[in-house]
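Below is one structure, written out as structure tokens; the observations come after it.
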């Protein structure tokens, strides 16, 4: 029996968190994602599953509460929006360096600085190229629907624990606020067994003490550690996810994620209606990025356009994947404004050389 | 007497200070922020210091304070206003520098900056508007939300056991050597408004005489967040907030008033 | 003994109808109008202007600073 609901993206994240057996949520209000914590407190998850929800004094405190709890092997998460995520960067770097699993949700708003509360996709660099200091990467999932907001919570934790790495759901204000039908995931039990090889729950008999740290003063040790991390990030390639829409016979490819991809779906329809063979590749993981697939598509199409609500961030990864073989353009509204399917179509027609 | 006999320029006894801009305030009807903005600008006008005053706006309902006050302003990241004020005042010691902050800004995320600016005794004025809620983001719990008080993240009432009780940061910073004048005021009735204005004047005089940090907490209403009418919210505030956050001077001329 | 006689002017378009002035008037001069302004608020006005003393309580407590107050001194006796 399917359990259906009509909810906001933000609410779906919260409901999915309870159902994924998340142990703890530590967060701070910020528009446009405050509904996540509001929904959680209203649900009384301490009665539903024993999940702890705590409003912290700031995002810096939140991410450090996550860092502490993640070290004990519990499933913990937070949510915030761009300026708050910036505050979390130090903590995220620590969590990545210490190789701990956790989930951070970023419902992106326009920036930089205090910016606006309208949606944006201008945190791509921050999410995929670091954001915090050091050689690390986050697993980055990009939902494009309320359903994916719900589904990606459990998936994020699966991947986070598989790789012992922090995961990020990179959403935006549009997906966070819109309401759609969602099939709710089943309730998972909260985990009761913890991997004693690394968790700090108390030094049991028969095992060495565990230390959670990202400090390695001995350069040889830090070198080994960094190589290990690098290999880990490379192995994440096996978990890349993307969706292809009308790509089989496409001779021009749009690359877009999240709400921009929803808009581009309509652009594909409009273009096809005018006889243009346009396809859409929608990355669902931004790290690992579908580099191999884009490189493969570059052999079949005459050009690509990265469509993102920013002045051009993901386009760089598309260019790297394409490696100069075909032209790669960028189009995207900035400042919190949203491009329309027609805007994208016109940009495509205008920019594509070869008379599209 | 005919109205036209009374309403003459020579009979003017009160008008809105021209140091408030023409912009319509973006605050909800009945919100104390408007009154407090007006009092600060009245004092700046009376002291003739418009050209030497710099305000720092927070993140919160009063993020747009700079749209309403006709003085130079900066907009600070959430909680960081005292740090900005420090940077400015250290390099421009003869200017009048004030921060204008809400309860989340000053007592949640900004606790560190608040305490250290107070401890260093920066020669600035901190205006702290405490309405026990996060208005701008939709009515979430604040560090000053009362026990049992409902908010969007304490929908069943604040549970001090699991969420921590509300705390009085004003009394805390009053115990730091660097604070010179610390007081708690309100602006919900004419009497308190006039007292509050005197307090603001005192604070700016403290800056003028370079005596240390002056700190005024305004216990104020948030009828939208509390889901009441403005007048209901002022009554509720008197009955519930004032017993926990008592009115009056806490530290004067560098000395704590015991009691 | 001097008797004051006062009057207020309300900036009708700026008033948000919050009613805080109304409850703080010591002589109950102010009521909210039946009509609304351009923003849809019932604005404040002097229903009983004859009782206004020009005390400025209303103006001083108004969050939006929409009230201007006038006051005239009546029948002032002069000491010889």
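The table below gives the values:
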{"item": "Among residues of segment C:2-23, those that are at the interface with another protein chain (Cβ under 7 Å from one of its Cβ atoms), free of Cβ contacts under 8 Å to residues at least 40 places away in the same chain and closer than 25 Å to residue B:22 by Cβ, counted", "result": "2"}
{"item": "Segment A:62-72, residues that are crowded, with 20+ Cβ neighbours inside 10 Å and more than 21 Å from the chain's Cα centre (by Cα)", "result": "A:71"}
{"item": "Exclusive hit being closer than 26 Å to residue A:336 by Cα and either surrounded by fewer than 24 Cβ atoms within 10 Å (Cβ to Cβ) or over 17 Å from the mean Cα position of the chain (by Cα) (or both), set A:80, A:34", "result": "A:34"}
{"item": "Scope segment B:205-228; condition within 14 Å of chain C (Cβ to nearest Cβ), in a helix (DSSP H, G or I) and crowded, with 23+ Cβ neighbours inside 10 Å; matching residues", "result": "B:223"}
{"item": "Odd one out for residue B:112 among (1) away from chain A (no Cβ under 14 Å); (2) in a helix (DSSP H, G or I)", "result": "(1)"}
{"item": "Output for segment B:120-178, where each listed residue is within 14 Å of chain A (Cβ to nearest Cβ) and in contact with a helix residue (DSSP H, G or I) (Cβ under 6 Å, 6 or more places away or on another chain)", "result": "B:133, B:134, B:135, B:136, B:139, B:142, B:143, B:144, B:152, B:153, B:155, B:169"}
{"item": "Helices (runs of 4 or more DSSP H) completely within segment A:219-298 that count 2 or more residues being crowded, with 20+ Cβ neighbours inside 10 Å", "result": "A:258-273, A:291-298"}
{"item": "Strands (runs of 3 or more DSSP E) contained in segment B:2-91 and holding at least 1 residues touching a residue at least 40 places away in the same chain (Cβ under 8 Å) and surrounded by fewer than 22 Cβ atoms within 10 Å (Cβ to Cβ)", "result": "B:53-57"}
{"item": "Residue count for segment A:2-42, restricted to those that are within 14 Å of chain B (Cβ to nearest Cβ) and assigned to a loop (DSSP other than H, G, I, E, B)", "result": "7"}
{"item": "Residue tally, condition more than 14 Å from chain C (Cβ to nearest Cβ) and in a helix (DSSP H, G or I), over segment B:179-204", "result": "5"}
{"item": "Residue match in segment B:229-242 (condition: outside any helix (DSSP H, G or I), away from every other protein chain (no Cβ under 14 Å) and buried (at least 17 other Cβ atoms within 10 Å of the Cβ))", "result": "no"}
{"item": "Residues of segment C:39-51 classified as under 28 Å from residue B:220 (Cα atoms) and either over 14 Å from the mean Cα position of the chain (by Cα) or at pLDDT below 95 (or both), total", "result": "4"}
{"item": "Out of B:79, B:32, B:48, B:55, sole residue that is at pLDDT 95 or above and within 14 Å of chain C (Cβ to nearest Cβ)", "result": "B:32"}
{"item": "Test: residue in segment B:117-130 that is under 20 Å from residue A:34 (Cα atoms) and buried (at least 22 other Cβ atoms within 10 Å of the Cβ)", "result": "no"}
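The values are calculated or read from the model by the stated rules, or taken from the named source; none is laboratory data. Being a predicted model, the structure only gives us computed values, none of them experimental. Positions of Cβ are backbone-derived with ideal geometry, glycine not excepted, and every protein chain shown enters the neighbour counts.
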